[in-house]
1. Only one of these is in contact (Cβ under 8 Å) with a residue 24 or more places away in the chain and open to solvent by less than 10 Å² (accessible area, probe 1.4 Å): Leu146, Leu137, Leu128. Name it.
2. If only one of Leu225, Leu266, Leu246, Leu281 is under 19 Å from Ala207 (Cβ atoms) and either assigned to a helix (DSSP H, G or I) or out of contact with any helix residue (DSSP H, G or I) (no Cβ under 6 Å at 6 or more places or on another chain) (or both), which one is it?
3. Looking at region 49-90, which of its residues are surrounded by fewer than 21 Cβ atoms within 10 Å (Cβ to Cβ), modelled with pLDDT under 70 and in a loop (DSSP other than H, G, I, E, B)?
4. Where in region 102-214 are there helices (runs of 4 or more DSSP H), lying fully within it, with 3 or more residues that are within 22 Å of Arg248 (Cα to Cα) and more than 19 Å from the chain's Cα centre (by Cα)?
5. Which of the numbered conditions does Ile282 fail, given that it passes all the others? Conditions: (1) within 19 Å of the chain's Cα centre (by Cα); (2) touching a residue at least 60 places away in the same chain (Cβ under 8 Å); (3) surrounded by fewer than 19 Cβ atoms within 10 Å (Cβ to Cβ).
6. Of the residues that sit in region 160-185 and are of a type in the set (Val, Ile, Thr) and open to solvent by 10 Å² or more (accessible area, probe 1.4 Å), which one is farthest from Trp196 (Cα to Cα)?
7. Restricting to region 14-48, and then to whatever is among the hydroxyl-bearing types (Ser, Thr, Tyr) and under 27 Å from Ala97 (Cα atoms), can you tell me which residue is surrounded by the most Cβ atoms within 10 Å (Cβ to Cβ)?
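The values are calculated or read from the model by the stated rules, or taken from the named source; none is laboratory data. If you're wondering where the values come from, they're calculated on a predicted model, not measured in any experiment. Backbone-built Cβ (ideal geometry, glycine too); neighbour counts: all protein chains shown. Side chains are part of the model used for accessible areas, which takes the heavy atoms of the whole protein and leaves out ligands, DNA and RNA. Shrake-Rupley method; radii C 1.70, N 1.55, O 1.52, S 1.80 Å.
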Amino acid sequence: MAPPVDAPGTGLTNLQKRLISAAVLLPLVTAAIYFGHPLFTLFIAAFAAAAAWEWARIVANRKVAGQVTAVPTASTDRWGLSATLGVVTAALAVLLAGFGGYAGLALIAVAVGGIATFASGVFRDSKLAAWSLLGVLYVAIPATALVLVRNDPEWGMATLLWIIALVVAADTGGYIAGRSIGGPKLAPRISPNKTWAGLGGAVAGAALIGFLTGFIVNHTNVWLLVPLSAVLGIVEQAGDLVESALKRHFGVKDASHIIPGHGGVLDRVDGLLAVAVAVLLIGVWAGRSVLTWS
């Protein structure tokens with residue numbers, strides 16, 4: 001990690017900006033998770049809209065002689081309509097799922113909005129249109145999954161806290177193992193800093209959270225939750241790689257600078273998005289929260 005540097009025109013170092021952002025966002029995130037709907041639904045709707053906007057900016061960016069730009073740039077005529085449709089679709093899907101519990105209707109909104117987003121740009125740039133469609137799916141479905149998980153009246157908050165703790169532990173374990181052990185690269189063309197040792201650390205960190213959660217919740221077979229959490233640690237790392245691949249493909253370093261000191265929304269939640277979808281699908285398949293397995 002590069003040392004903090006002064007932010008031009010602000011007199012603040014990158015570390016100071018990170019701390020201020022965390023001080024503002026942490027209470028809001030904590031309150032949203034604790035109180036649930038409607039605060040959590042509105043928070044995730046705003047998050048989804050911001051993430052969709054960032055995706056549109058990334059996709060509209062173009063590499064210039066292989067250079068990596070700090071923040072994506074794009075002209076309005078190339079991404080404005082697609083960006084608007086993506087933002088509206090992502091937010092609408094979350095609101096439908098949160099306020100009405102209409103999971104099916106939310107998926108229909110994603111499908112219709114995705115098609116409209118694709119159609120808005122297909123005659124100008126078919127490749128850009130396809131990436132815009134992918135962005136709608138990438139953002140709207142996981143954001144909707146987060147709301148549906150939290151809206152479980154009995155196990156929603158516990159499940160969401162388990163997911164967040166798992167993602168943080170996987171990231172932390174991966175970072176520590178990768179930096180201290182090093183070794184062969186996991187995917188050097190996508191993310192040069194990731195190693196197989198880091199993946200092992202991520203799996204171990206996620207498994208530890210599964211072990212602790214099983215005892216804390218006391219409704220879960222620990223020996224089922226541990227391997228499941230370990231697998232989700234792999235899912236978290238895969239989600240991280242997907243976003244890294246996107247940014248590398250379009251020559252972008254950060255999704256945006258919307259969160260001072262941290263980059264963009266997508267830069268912070270790539271692994272969370274993947275895990276949220278996986279947990280929701282497992283819960284739907286099982287017919288109940290995984291935290292009630294015994």
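1. None of the others qualify; the one that does is Leu146.
2. Result: Leu225 is the single residue among Leu225, Leu266, Leu246, Leu281 that is under 19 Å from Ala207 (Cβ atoms) and either assigned to a helix (DSSP H, G or I) or out of contact with any helix residue (DSSP H, G or I) (no Cβ under 6 Å at 6 or more places or on another chain) (or both).
3. Within region 49-90, Arg62, Lys63, Ala65, Gly66, Val68, Ala70, Val71, Thr73, Ala74, Ser75 qualify.
4. Qualifying helices (runs of 4 or more DSSP H): 126-150.
5. With respect to (1) within 19 Å of the chain's Cα centre (by Cα); (2) touching a residue at least 60 places away in the same chain (Cβ under 8 Å); (3) surrounded by fewer than 19 Cβ atoms within 10 Å (Cβ to Cβ), Ile282 is out only on (2).
6. The residue in question is Ile164.
7. Here the residue is Thr41.
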